[in-house]
Structures are given as structure tokens and as C-alpha cells.
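> For reference, the structure I am asking about is given below.
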Amino acid sequence: MSDNKSFQDLFHAHDDHLHGEPTSFISKYIISYDHKVIAKQFLFFGLFWAFVGAFMSVLIRWALAFPGKAFPIVGSLLFPHTDGVIPPDAYTMLFTMHGTIMIFFAITPILIGTLGNFCIPLMIGARDMLFPWLNMASFWMTFAGGVVMFASLFVPLGASAVGWTSYPTLAHAQWSPGWGHSLWIISIFLMGNASIMGAINYIATIIRLRAPGLTAAKLPLTIWGLLLTAVLNALFIPVLAAGLLLLLMDRMFGTSFYLAAAISQNGTQGDPILYQHLFWIFGHPEVYIIILPAWGMVSDFLSFFSRKPAFGAKWTAGAFISITLLSTVVYGHHMFTTGMSPLLTGAFTTLTLLISIPSGIFFLNWLGTLWRGNIQFTSPMLFSLGVVITFGIGGLTGLHLGAVPTNLLLHNSYFVVGHFHLTMAVASLLGTYAAVYFWFPKMFGKMLSEKLAKIHFWTSFLPIMVIFVGMMVAGYAGMHRRIYNPYEYTYLEHLLFLNRYISLAAFLAFASQFIFLFNFFYSWKKGEVAGSNPWKVGTLEWTTPTPVPVHNFDVIPEVFNGPHEFSHPKLGDSRDWISQTEYLEGISTPV
Amino acid sequence: MNQKLVRILLSLVFLMSFGSMANDREMLNKQHPEADQLQVHTLGQRPEYGGESFLERYGPPENITEHGGHFDDVFAYVSWGVLIFFLAVVFGVVGFGWMYRSKPGRKAFYTTGLAEKKFTMVLDILFFITMDCYLIYFSVYDTKRFLMTVPQGPEVVEIQVMPQQWVWNFRYKGADGVFNTPDDIVTVNEMWVPNGKQVSLQIKSKDVIHGFMVPNVRRQVDAIPGQVSRIWFKPIKDGTYEIACMHLCGTAHYKMKGFMKVVDESDYQNWSREMSEWSAAKYDPDDARTHWGWQWGI
Amino acid sequence: MITLASWGMLFGTFVLSAGLARVRASQWPPDGIIGLDAYLPSIATLALILSSVLIHKGYMRFDKENLKEFKFYWGLGLLMGVFFLALQSYTLIDWYSKGVRVSQHLYASVIYVWIIIHGLHILGALGGLFYKFKKPKSAASLQIWGWFWHFIDLVWLAMFPLLVF
């Protein structure tokens, strides 16, 4: 049926300029088709929202550490009716928005939007993404989502306050009146659409635009992570969209998809649990979406800065794939307390616990990469090691939560909060920092200060460990999550000291991020000019000049080597790395 | 140099938090001035600081049910396992980082092929056997034990629970042994149960999703509108324990606290009989709000 | 292909939810609601199937030099699609005029929402088909829109028995 050649004609992009050189300010920086510019747009968008989300977490920790005390300096501005003390309804809005913003408006745009957009074409030897228009539309739709979410903060009855998971029936109009949550749904819908568009772009680009010789075995693990993330994105965000759309219908048009018999009209058959199923069918792959790019990047960085191959790289890629597949069938472990059928419960817990096997494989491969290496403690390496440790403890505590008995004890407690922050927030945050420190020279043409980077690392990593391990302790002691004032319960009163300790660590970690911001903007303007390959690494993006021209490569490269060919015996003693495009007998395979 | 700075900062933080503890008792007393008067002051069986070990203080409140200890055992097992594997990871990172740090003239070892991978395979299989197998076994077994079976019979104390924003409603059968009749005992925020008997709860939410949990019982279940959830346990120690709402249910979710009173069997029977008589006498057939019970079924 | 997989998941979710609602309901349509008359939607379904066949024929007969046959079949397929949409709209408007509202029952919610969302996608697809009618650039681009159209049809074929019977 299909004429293969004509199909390819449409996407014949290898030697075409997909778009001409932009000339005006608007076409260069605002309405740009260039993936590198779009990457930077996502970056600044994400940095802004990350600051907003982080500030919200500071407010939350303040309320837990100093209940009843006014927040200093800006407290009376933010909460004029209570003299600066954070009231309970604002608190529920804060943790809802903190979760939503960090996941959808900070980590996703930066880790997937920025790093995916920047790295994919450059690392696979392409001139741009396969669908540049779609790429641009994806950013602007994200931006629109941001505008809607920002607007939702100022509606009369307040922003969404039902938890980022937005469970009905609390999320229904009857118990959460006003536009706040409806706007939240619309905003997430827009973000979701943008993600899907981006995901389609990434998958198609990686499949079709790889340079000659770049086989699956020679693909950097970063690209593997981004590819699998995109696959999960494309398949599971639509499920969220469906679930949210039905909720929006319930809120705005009086349908009763999630309203159950006694409280809806006329004894209908809706079911709040349906939402939970739909949400978590999306929700569990979502957390893997967030961490997979970081995993891929850390796998590469550990190899780059140990100056040896990624230990078991093929097994690592295989582990990523099997985790991607498994992640689709484990979502029920968020719902053990809802009275699911025992068959489902047993199946979900078994599958969840089995995910630990491929996770163990790639994790041990990380350690194997360090073993007998020649380790350079650059800032990307420090942050990657941070990921190894935080994901180690975070991932292992997943065992507590995946097993039914301990889940029944720890569900909805701070143990869960500690666990998911370590795995999903901290590991991806540290991975993102590692990536930004690594690719900054290529993106902006300047080197970041390594000294400031190291201070940033230690003043972030140590407090972060205190915060989230402390939370797990608090959770085990019985402190539940999403709680304004746990000290109402006498069995939690003694946790004030622990919470205060955690909060002080949190304030310290928050302050530390300003070191990064300072480093970022100062170096951008006044940093040391970067060469084309300051890290001496062989992947394709480092074969371009710095700054990278619009068309990326003058000539599409041919790939002969894998990305981790460090310290190969055939390289001799003068150097320990080889570019993917350099042909050397004994190492390279012809195209 | 950096390390020193970090250490100083951390000690400052530590000291500050200790110092601020002096205000704690005062502040908490201001919030709960009635705490000293109420006999519920010994809730959760948590003595004043300075008596128990670190683990006791930062673990859940005392277990008071027949099976609660099992959950603590599983948690302890997993935690020890996790600690050991995590220490191995830290050794890997810090140890390898130190041993193989870059020095002039050093060359990394080019790994290839399957030889070294055997080691990681063995470790992974070890992990699987010690952790996964144990957990899968208990997960399936406990699903059967706690989620699939419900105690039945004349000796079981059956209570219907209806959480709403933001109180707990409880309903007992009363003297006639049938729910939703005039002699039902209905309480708010107070659940009486006899020591040493199986207690079986059916829970149905009135409005939004709530979570029923008594930390001393070690298990929880969600209360979902339109669905009946079940939980059961056997208390074995007298006292008053707090019931917590474990699922975000609105602005006052943090205050949705109830009390479970475990009393002697005979005290319970007396209370039950008295309240049942009183309810039957006060019964008002026109007050629709009190007719929230349902058929027990299974 | 990937886009279709993505959309497949979206509609898959809807179908699953509808299926669940259907299976759980003891009576369909439930008491007190006027059931959706199956007559018009059945005709609409046939029209949709026919339109898919016609679109496919139009694609096969695409010839850059001689556009006549392409325009004939493609155009006819397009018209059938419009006819489908018209019938669906009429069915819903008629049902609405009989006093059925979404808030009355999950049954009504499901049917209204499903048909409307499907209809919106049909509208979008029609727009694309129309654009291709005016400016057929290459066989490949026709194939893509054709696939999308067939996909929407398949979705309707899956939903139809669930909703109406």
C-alpha cells in the first residue's frame, strides 16, 4: 500500500536545511524553530517555576516547623488576613501547587524539554528535530499552560487545594468550588498536550535522523533515557487527559462520572475509584518519565568522568527498557488501601517488587563503572554520585511501600513523601544539575565556575539527605502527609523537633540554589570562554564548534565508535578518549 | 576548606534546633491547654521524652493489637536489609571514589565482555532472594489474611463508621443486634471497643475520601463514597488511642481526630446496654440525619 | 504511527471507562431515562464505514497528473463524513429536546460526552481532509490523513455497540 520512497521524501532531512537562518530578533529568540533556542526557552520557563515551587516548599516547611508563627519579611504581604501566619486553606493550596508546579512546570520542562531538545539532535548527528514546527508549538503550549496555572493562583476562591493527585470527590465542584481547580485541570491538559507533541517529536527524530553508523549499540545512554521517556509520555499522558477531562465535565457540566451512588443524583453508577485507576495508570509511568532521562545521563556521566566504558551498557539499556515495560503494570501499588480485589492487589505488589531486579542491574552497573576507573571529581561527576546515593536510598525504600503489609502502615504518611522526593525529585534534580553543569559550555559557550559548583553541591546534597531521610523517620512515627498542623495529634507532638530540624535543612538547601543561579548568570556573561570539547568526551555534540551554529553540523558525521570508548588499550598512553567519528583500527567498526 | 565550612554550618543548624526546643512545651501547652485536664493525656502511650530509646521514640505509637507486631517485624526486616544494601552502595561510591580517584599517570581499566558482569549478577540475585522473595511471600499472605478475610460470628464486635468532613460517626447495633434500628448507638468521634474481642468495621464515607487509621493498630483503609471498606483487628490492651484521618479531605483534614477507647469487656457491655436503652428512648423517627446506617451484609 | 498510538490510548481509556460503566450497570438504558434511539446512529455508522472506503479509494487513485478520480472519491468520502456528523448532531439535539440531561444519570453523561468528543475529532479530521482535498501535496500526506480517518472510524465502531446496545 505505501510507497516507501515517497514517504521518505517527506522527511528527507539529512542534508536539507530544515529551516533557514533566522534573522530578526523575533525569529531568533521568540518564535524560533531552532531546537537549541527552544531548549533555552524551556530552561528559563522551568527555572522561573522551579523558584516558585521551591518557595512554596519553604512556606510549607515553615508552617510545620513554627506553627502559629508569622512567616518573616513577606508573610504579611502574602497572608494579610492572618497577620502573616499561614492559614490552613492556604496551606492546602501550597502543597497542591508545590507538587503540581515541580512536576509539570519545573522538572519536566527542564529535564525533558531543555535537555531533550538540546541533546537529541546534537548527540545523534542531526541538524534539528524532525518536526521543528511541532517543537515550537510544544513550547508555546507549555507557556500557555503556565499562564493558565499562574492565573489560577489569583481567582477569588483560591487556587487548587486538593493535592496534586486531584482525587474526586474532593476535587468535585461541591467540595472545591470556584475556578481554581478547573483552571488547574485546563492548565495540566495544555501541558500534557505539549508533552505528547514533544514526545512524538523525540521518538520520530531518534528513529529517523540518526547519523550513519549510529546503531542502537552505539547510542549514548542519555538518548536511551530520553527515548523511553518519550514513549511513556506519548502513551500515558492521554490517559491522564481522559481522566482529567471527565473530571472537568463533572465539575463544569454536571456529569457524574466520578460521583457515586449516595451523593450523586438519581443513584448513578459513577465511581471515584475509576479516577484513581486512570490517574495512576498515568501516574506511575509519569514518575519513570521524570527519572529516566536522569538515569541515562548519570550512566553516561559516570563513564565519562571515570574515563572508562559504562559497565554493562547494553544491560543498562536493556534494564531501562524492561523497567519502562514493567512500569506500566504496577500502578495499583498506590491503591492498596482502597479495597481493590485481592487478585489485583497481589498482582500489583508482586510486579512492583519485581521492578527491583532490573533496577538493581543498572544500579550495580553504575558501581561497576566506578570500579577501577580514573575518577575525576568534576561538578557533573559530583552530582551524578549524588544521584547514585539518593536514588539508592530512595529506591530501596520503595520496597517498604511496594509490599502490602508495610504499605498498609505507611500509606499517605511522610515516609511516602520522603521516598518519592528522593527518587523523583532529588535524583532528577541532581541529575538535572549534573546535566546543566555538563552541557552549559556547549549551550552558552562559557564555563561555569567549578568552585562555586562544588559549594553548591555540598550545601545542597547534605541538607537534602537530612530533609528526606528525616521525613521517612517522621512517616514511620506516624506523621501523615498533607497535614497543616500535625501537633493536633498528641502522638505526633514530639516530632516538632524533628520537623524543625528538617525545615532548617530545607531553608539551607533553598538558599544554596542561589549559589547555582549566581554561578549560572555570572558565568553566562563573564565566565571563561569554553572550547569545543572541554570535558574531552567522545559523543557527537562535542564535535561541533562552540557556540553551535544554527545548522549544527557542517557535514553530517559518520559514526564508527561507541560513546564510552575511554582508556581503550589501542589508544596508547597519550590520550584516554576517542571521538565517535574518528576511525581507529581495533576499536572502530565501519559504517 | 569547603568541608570545614559545611561542618560548621551543620553544627550551627543542629544547635539552633536544640535551642528552639525550649519553647516547644510552652507553645504546645498554649495550643492544648485542656490537655492536662483530659484523661486522654496519655494518648498513644507516649511518655515524656527522656525515658525510652531512640527507636521507640521515633517509631509508631505502641502496638495494641494481636497482629500489629507482625507489621513491625516486616518493617524491621526490610529496614535492616535496606540499610545493609545502602551501606554497600555508599561503600561503592565513597570507597571506589577514594580508591580510584584520578592521579597523574593513572589509567582506567577498560571493561568489556561478560567476565566482570558475573559479580553484579550474583549481587542482584542475592538481593532478589533476601528481599523480594520475603516481601512477595508476605505481601500475598497478608493480602489473604487481612484483606480477604473478615471475622464473623456472634463474638465479633461490628461497628459501622461514617466519616464526613471533618468528624467520625460510629454506629453500633444495639441490643436488638440489627443495624439501622431505633436502639442503635450512634457516637461522634468516640469509638468504644472491648479488650480481647475481634472488632470488625465497615466504613462508608459521606462525602469525600477519608482514611481511617489508628496508628496503634498498624493498618489503615480508605473510606470512599459509594463503597464499603472493611478493616478488622483485635485490641489487647486497654487505653484511649487516637484515630487519624489519613487521606486529604479538605481544609480541616488535620483536625479530623477521633478516639478509640479500649475498655474491659464488662465495662463495654455495660456501656453498650446503657447507651442502647438511652438511644431507644430518645429515638426520633423524623430526624433523617440519624438514619445513616446500612445493612451489614458481608 | 506514534501519534495514532497516543490517540489510541486516549480513546482506549474512554472505551474502557464506558465499558466499566456499562458492565456495572444493571440496566441499560436505566429506568427513567429515554434510551438513545439506535436507528439514526446505525445509519450514521454505515455512512462512516462507507466514507472510509471512499477515502481509501481516493488515496489509491491519487495521480499527480490526473486529479479527477482522486477528487471524486475523496470528495465523496468527505461528504459522507459530513453526513455522519450531521446525523450524530441531529440525534443528540433530538435527545436533548426530549429532556435528557447529563446530570440525570451516568448513562446520559457517557453518551453525550463520548459522542461529542468523538464528534469534535471528526470535525478536526474533516478539516484536514478538506485541506487535502484542496491541496493534495503527495501520496504520503494523503496516506497520513487517511490513516487518521480510518482510526477515528475504528474508534466509533468500538464505541457504538457499547453505547447504544
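> Does residue A:153 fit the bill of being touching a Pro at 6+ places or on another chain (Cβ under 7 Å) and over 20 Å from residue A:240 (Cα atoms)? Steps first, please.
Numbers: touching a Pro at 6+ places or on another chain (Cβ under 7 Å): no; over 20 Å from residue A:240 (Cα atoms): yes.
Here the answer is no, as residue A:153 does not meet what is asked.
> Taking residue C:148, is it open to solvent by 40 Å² or more (accessible area, probe 1.4 Å) and not in a loop (DSSP other than H, G, I, E, B)? Break it down into steps so the answer makes sense when it comes.
Numbers: open to solvent by 40 Å² or more (accessible area, probe 1.4 Å): no; not in a loop (DSSP other than H, G, I, E, B): yes.
No: the conditions fail for residue C:148.
> Take the conditions within 12 Å of another protein chain (Cβ to nearest Cβ) and free of Cβ contacts under 8 Å to residues at least 40 places away in the same chain and apply them to residue A:253. Does it pass?
Details: within 12 Å of another protein chain (Cβ to nearest Cβ): yes; free of Cβ contacts under 8 Å to residues at least 40 places away in the same chain: yes.
Considered against the rule, which asks whether it is within 12 Å of another protein chain (Cβ to nearest Cβ) and free of Cβ contacts under 8 Å to residues at least 40 places away in the same chain, residue A:253 comes out as yes.
> Do we have any residue at all in the range A:239-256 that's open to solvent by 10 Å² or more (accessible area, probe 1.4 Å), at pLDDT 90 or above and at negative phi?
Yes: one or more hits.
> Could you tell me which of the residues A:346, A:360 is touching a Phe, Trp or Tyr at 6+ places or on another chain (Cβ under 8 Å) and at the interface with chain B (Cβ under 8 Å from one of its Cβ atoms)? Before you say what the answer is, go through the steps one by one.
Values: A:346 fails: touching a Phe, Trp or Tyr at 6+ places or on another chain (Cβ under 8 Å).
Going through A:346, A:360 in turn, just one is touching a Phe, Trp or Tyr at 6+ places or on another chain (Cβ under 8 Å) and at the interface with chain B (Cβ under 8 Å from one of its Cβ atoms): A:360.
Here is a yes/no grid of residues against (1) among the small types (Gly, Ala, Ser); (2) over 19 Å from residue B:62 (Cβ atoms); (3) at pLDDT 90 or above:
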site: B:216; (1), (2), (3): no, no, yes
site: B:221; (1), (2), (3): no, yes, yes
site: B:236; (1), (2), (3): no, no, yes
site: B:239; (1), (2), (3): yes, no, yes
site: B:244; (1), (2), (3): yes, no, yes
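Residue-wise test of (1) of a type in the set (Lys, Arg); (2) in a strand (DSSP E or B); (3) open to solvent by 10 Å² or more (accessible area, probe 1.4 Å).
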| residue | (1), (2), (3) |
| --- | --- |
| B:133 | no, no, yes |
| B:139 | no, no, no |
| B:154 | no, no, yes |
| B:160 | no, yes, no |
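> What single numbered condition from (1) aromatic (Phe, Trp, Tyr); (2) outside any helix (DSSP H, G or I); (3) within 14 Å of chain B (Cβ to nearest Cβ) fails to hold for residue A:560?
(3)
> If residue A:13 satisfies all but one of (1) modelled with pLDDT under 85; (2) of a type in the set (Gly, Ala, Ser); (3) outside any helix (DSSP H, G or I); (4) open to solvent by 30 Å² or more (accessible area, probe 1.4 Å), what's the number of the condition it fails?
(4)
> Across the range B:108-131, which residue is farthest from residue A:314 (Cα to Cα) among those that are open to solvent by 50 Å² or more (accessible area, probe 1.4 Å), within 7 Å of chain A (Cβ to nearest Cβ) and in a helix (DSSP H, G or I)?
Out of the qualifying residues, it is B:128.
> Further question: For residue A:95, indicate whether it is open to solvent by 20 Å² or more (accessible area, probe 1.4 Å), in contact (Cβ under 8 Å) with a residue 12 or more places away in the chain and not charged (D, E, K, R). Before the answer, list the steps.
On the way: open to solvent by 20 Å² or more (accessible area, probe 1.4 Å): yes; in contact (Cβ under 8 Å) with a residue 12 or more places away in the chain: yes; not charged (D, E, K, R): yes.
Yes; evaluated as a whole, the condition is true for this residue.
> Identify, by number, the condition in (1) crowded, with 21+ Cβ neighbours inside 10 Å; (2) more than 7 Å from chain A (Cβ to nearest Cβ) that residue B:267 doesn't meet.
(1)
> Something else: Among the residues that make up the range A:539-552, is at least one of them among the polar types (S, T, N, Q) and in a helix (DSSP H, G or I)? Before the answer, list the steps.
Here is the first cut: in the range A:539-552, the ones among the polar types (S, T, N, Q) are A:539, A:543-544, A:546, A:552.
Retained after the next criterion (residues that are in a helix (DSSP H, G or I)): A:543.
Checked against the condition, which is being among the polar types (S, T, N, Q) and in a helix (DSSP H, G or I), the range A:539-552 yields at least one hit.
> Also, I was wondering about something else. Could you please find all residues in the range A:383-392 being surrounded by fewer than 24 Cβ atoms within 10 Å (Cβ to Cβ) and farther than 16 Å from residue A:316 by Cβ? Show your work before the answer.
First, the residues of the range A:383-392 that are surrounded by fewer than 24 Cβ atoms within 10 Å (Cβ to Cβ): A:388-389.
Of everything in the range A:383-392, just one residue is surrounded by fewer than 24 Cβ atoms within 10 Å (Cβ to Cβ) and farther than 16 Å from residue A:316 by Cβ, namely A:389.
> When you check residue A:423 against the structure, is it assigned to a helix (DSSP H, G or I), open to solvent by 10 Å² or more (accessible area, probe 1.4 Å) and either on the phi > 0 side of the Ramachandran plot or in contact (Cβ under 8 Å) with a residue 60 or more places away in the chain (or both), yes or no? Before you say what the answer is, go through the steps one by one.
Numbers: assigned to a helix (DSSP H, G or I): yes; open to solvent by 10 Å² or more (accessible area, probe 1.4 Å): yes; either on the phi > 0 side of the Ramachandran plot or in contact (Cβ under 8 Å) with a residue 60 or more places away in the chain (or both): yes.
Judged against the criteria, residue A:423 is a match.
> Restrict the check to the range B:185-205 and report whether at least one residue is among the charged types (D, E, K, R) and closer than 28 Å to residue A:407 by Cβ.
Of the residues in the range B:185-205, the ones among the charged types (D, E, K, R) are B:190, B:197, B:204.
With closer than 28 Å to residue A:407 by Cβ added as a condition, the list becomes B:197, B:204.
Yes, the conditions are met somewhere in the range B:185-205.
> Still on this structure: If I filter the range C:57-74 down to residues being in contact with a helix residue (DSSP H, G or I) (Cβ under 6 Å, 6 or more places away or on another chain) and in a helix (DSSP H, G or I), which single residue comes out as nearest to residue C:139 (Cα to Cα)?
Going through the range C:57-74, the residues in contact with a helix residue (DSSP H, G or I) (Cβ under 6 Å, 6 or more places away or on another chain) turn out to be C:57-59, C:61-62, C:70, C:73-74.
Then keep just the ones that are in a helix (DSSP H, G or I); that gives C:57-59, C:70, C:73-74.
Details: C:57: 12, C:58: 10, C:59: 7, C:70: 11, C:73: 14, C:74: 13 Å.
Here the answer is C:59.
> On to the next question. Evaluate the range A:526-541: report whether one residue or more is under 19 Å from residue A:460 (Cα atoms), more than 14 Å from chain B (Cβ to nearest Cβ) and modelled with pLDDT of 90 or more.
First pass over the range A:526-541, keeping only residues under 19 Å from residue A:460 (Cα atoms): none.
No, the range A:526-541 contains no residue that is under 19 Å from residue A:460 (Cα atoms), more than 14 Å from chain B (Cβ to nearest Cβ) and modelled with pLDDT of 90 or more.
> So, one more: Count, please, the residues in the range A:579-591 that happen to be out of contact with any Pro (no Cβ under 7 Å at 6 or more places or on another chain) and closer than 20 Å to residue A:119 by Cβ. Write out each step before concluding.
Taking the range A:579-591 and keeping what is out of contact with any Pro (no Cβ under 7 Å at 6 or more places or on another chain), we get A:579, A:582-590.
Of the ones still in play, those that are also closer than 20 Å to residue A:119 by Cβ are A:579.
Qualifying residue count for the region: 1.
> Take the range A:222-240 and flag every residue that is farther than 30 Å from residue A:274 by Cβ and more than 12 Å from the chain's Cα centre (by Cα).
Step one: of the range A:222-240, the residues farther than 30 Å from residue A:274 by Cβ are A:222-227.
Correct list: A:222, A:223, A:224, A:227.
> Separate question: Considering the range B:165-206 alone, what residues qualify as being away from every other protein chain (no Cβ under 14 Å), touching a strand residue (DSSP E or B) at 6+ places or on another chain (Cβ under 7 Å) and on the phi > 0 side of the Ramachandran plot?
Selection gives B:174 alone.
> Going residue by residue through the range A:349-357, is there one that turns out to be of a type in the set (S, T, N, Q) and without any contact (Cβ under 8 Å) to a residue 40 or more places away in the chain? Before the answer, list the steps.
Within the range A:349-357, the first condition is being of a type in the set (S, T, N, Q), and the residues that meet it are A:349-350, A:352, A:356.
In the following step, the residues that additionally are without any contact (Cβ under 8 Å) to a residue 40 or more places away in the chain were identified as A:350.
Yes, the conditions are met somewhere in the range A:349-357.
> Follow-up. Looking only at the range A:149-189, how many residues end up being part of a helix (DSSP H, G or I), closer than 26 Å to residue A:110 by Cβ and open to solvent by 20 Å² or more (accessible area, probe 1.4 Å)?
Qualifying residue count for the region: 5.
> Identify, from the list A:455, A:515, A:502, the residue that is open to solvent by 30 Å² or more (accessible area, probe 1.4 Å), within 11 Å of chain B (Cβ to nearest Cβ) and not in a loop (DSSP other than H, G, I, E, B). Spell out how you get there, then give the answer.
Details: A:515 fails: within 11 Å of chain B (Cβ to nearest Cβ); A:502 fails: open to solvent by 30 Å² or more (accessible area, probe 1.4 Å).
That would be A:455, the only listed residue that is open to solvent by 30 Å² or more (accessible area, probe 1.4 Å), within 11 Å of chain B (Cβ to nearest Cβ) and not in a loop (DSSP other than H, G, I, E, B).
> Working only within the range B:35-86, note down all residues that are at the interface with chain A (Cβ under 8 Å from one of its Cβ atoms), at pLDDT 90 or above and within 20 Å of residue A:413 (Cα to Cα).
B:70, B:71, B:74, B:75, B:78, B:79, B:82 - these are the residues of the range B:35-86 that are at the interface with chain A (Cβ under 8 Å from one of its Cβ atoms), at pLDDT 90 or above and within 20 Å of residue A:413 (Cα to Cα).
> Return the total of residues in the range B:87-107 being within 7 Å of another protein chain (Cβ to nearest Cβ) and of a type in the set (A, V, I, L, M, F, W, C).
Total satisfying the criteria: 4.
> Let me ask you something else. Can you tell me which residue among A:146, A:113 is open to solvent by less than 10 Å² (accessible area, probe 1.4 Å) and more than 22 Å from residue A:227 (Cβ to Cβ)?
Values: A:113 fails: more than 22 Å from residue A:227 (Cβ to Cβ).
Result: A:146 is the single residue among A:146, A:113 that is open to solvent by less than 10 Å² (accessible area, probe 1.4 Å) and more than 22 Å from residue A:227 (Cβ to Cβ).
The values are calculated or read from the model by the stated rules, or taken from the named source; none is laboratory data. Bear in mind that the values here come from a model prediction, so they are computed numbers and not experimental data. Cβ: placed from backbone, ideal geometry, glycine included. Neighbour counts: every protein chain shown. To get the accessible areas, we keep the full protein, side chains included, count just its heavy atoms, and leave off ligands, DNA and RNA. Shrake-Rupley method; radii C 1.70, N 1.55, O 1.52, S 1.80 Å.
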